[in-house]
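The values are calculated or read from the model by the stated rules, or taken from the named source; none is laboratory data. Not measured: the values here are computed from a predicted model. Here the Cβ positions follow ideal geometry from the backbone for every residue, glycine too, while neighbour counts run over all protein chains shown. Note: areas computed on protein heavy atoms with side chains; ligands, DNA, RNA excluded. Shrake-Rupley method; radii C 1.70, N 1.55, O 1.52, S 1.80 Å.
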Amino acid sequence: MASIEKILQTIVDHPGFTAAEIGDELDMTAEDVQSRLKSYIDAGRVKRDKKKSEGSGRDVFIYFPAQSLVDASDGRIVLLSRAPRTPRTIATADESSTNEARCHFGFFSNGQVTVSKGSKEIKLSREETSRLLEFLDSINVERAVGA
């Protein structure tokens, strides 16, 4: 049976995998994966969302790493073995003094990006990330933000 570290690394490497897909990668059952992830979900280190199964149409859980679980270094996503660093945040000018709203960015090795602010979160696929970067490259950012 795979270690919890291998399960967590699979979630980091393949955000959005179901328990069955994680199990297939590691030669485990989906039930084993789900039971071993429970404490990490409760602790907020792994996020779990629902999606409709393509075959049966029933709800299945998909898993994503929380920012505290990954550390982007040298362009790679690696499992943390030390205390997690604070995610990069940006506060708008009117919010910087109250420090209320922060944007958190997650960059994954498979090309996906996650942007979260407060309780809202946007997950971009590899294709959506590529389109966003092309758009940002095409505009004059300094002019757009008034710098």
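Lys47 meets each of the listed conditions (1) within 16 Å of the chain's Cα centre (by Cα); (2) modelled with pLDDT of 85 or more; (3) open to solvent by 50 Å² or more (accessible area, probe 1.4 Å); (4) more than 21 Å from Gly111 (Cβ to Cβ) apart from (4). Taken together, the criteria place Ala83 among residues that are open to solvent by 70 Å² or more (accessible area, probe 1.4 Å), among the hydrophobic types (A, V, I, L, M, F, W, C), at pLDDT below 90 and not in a strand (DSSP E or B). On inspection, Glu25 does not qualify as farther than 24 Å from Gly118 by Cβ, modelled with pLDDT under 80, open to solvent by 30 Å² or more (accessible area, probe 1.4 Å) and not in a strand (DSSP E or B).
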